[in-house]
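As structure tokens, the structure follows; a few thoughts come after it.
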Amino acid sequence: MRISVNTPDLRQVNTLLFDLDGTLLQVPMERFIPAYLEGMAYHLGFNARAEIIAFARSVRGVIHAMLARREADSTNEDFFLQGIEAATGIDGERVRNSLAAFCADGLNDLEGFVAPAPFLSSLLAKVRERRLELALATNPVFPMELIRARMNWGGLTEDDFVLITSYENTRYCKPQPGYFEQLLDTLQRRPEECLMIGNDTEHDLAAAECGIATFLLDTWMIDRCNGDFSADFRGSHDDLLSLLDRVGVDKA
């Protein structure tokens, strides 16, 4: 395990902020996202390949805008629906209803893309042993139903977490500081009480801007920073389990 020069004190940590995809789950997002967007398109009535491709391109554009916005006066869900309406002319309420229908009856086609991380049962046992709380700090570009489905496929339940971020209950996305500030506010936690754990060098390590200690899980690392990044801790799933023995020791 690699540790930064200025190692943060983890004794005050009582809450672990976990990314989902590539951290708690094995998900090939380069295949999952196109399949998800295709399912959305079908439920909106698109059948021609060119229509599906054009719709998927529009959705990706809206998601990229959602990831980039720093000033937010609406939920990510409202921003998404308004963006889709502006990009495609499809009424936002129709998109909402079609997406709900897709989540109700079409998500099983995506289950094969998802597998649990091999350390999951050991992690949950360690968290209970250390009396820590878990928050699912997944990037909130998806509706809650899709997040629940991926959790269930990967062996997780809502009861494992005190908070799950989705596009319905957030106004920012990672890597924006507003995402982590809203997370801390909702959890009623100070930065030093939290540890952000994820595999994305940009999205997850951005928590440091708000004073939150970071662990870069490099088993399935996504490096959007071309090597120009800094994590307080970096290592494998086994390294993370070892590190948790140092977390919240004042409570143990």
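What the table shows:
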{"quantity": "Strands (runs of 3 or more DSSP E) fully within the stretch 143-252 counting 3 or more residues that are at pLDDT 95 or above", "calculated": "194-198, 213-217"}
{"quantity": "Residues of the stretch 1-32 satisfying the condition of being among the β-branched types (Val, Ile, Thr) and touching a residue at least 24 places away in the same chain (Cβ under 8 Å)", "calculated": "Ile3, Thr7, Val13, Thr15, Thr23, Val27"}
{"quantity": "Count of residues meeting criterion [acidic (Asp, Glu) and touching a helix residue (DSSP H, G or I) at 6+ places or on another chain (Cβ under 6 Å)] in the stretch 182-210", "calculated": "1"}
{"quantity": "Candidates Ser98, Ser122, filtered to the one that is under 21 Å from Phe18 (Cα atoms), outside any loop (DSSP other than H, G, I, E, B) and among the small types (Gly, Ala, Ser)", "calculated": "Ser122"}
{"quantity": "Entirely in the stretch 1-95, the helices (runs of 4 or more DSSP H) that have 2 or more residues that are in contact with a Cys (Cβ under 6 Å, 6 or more places away or on another chain) and at pLDDT 95 or above", "calculated": "49-68"}
{"quantity": "Selection count where residues are farther than 19 Å from Cys173 by Cβ and in contact with a Leu (Cβ under 7 Å, 6 or more places away or on another chain), scope the stretch 22-38", "calculated": "1"}
{"quantity": "When residues of the stretch 177-198 are limited to those that are in contact (Cβ under 8 Å) with a residue 12 or more places away in the chain and farther than 25 Å from Leu241 by Cα, the one surrounded by the most Cβ atoms within 10 Å (Cβ to Cβ)", "calculated": "Tyr179"}
{"quantity": "Residue match in the stretch 37-45 (condition: touching a residue at least 12 places away in the same chain (Cβ under 8 Å) and within 16 Å of Pro140 (Cβ to Cβ))", "calculated": "no"}
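The values are calculated or read from the model by the stated rules, or taken from the named source; none is laboratory data. Everything numeric here is computed off the predicted structure, so don't read it as measured data. Here Cβ is always computed from backbone atoms with ideal geometry, including for glycine, and neighbour counts include all displayed protein chains.
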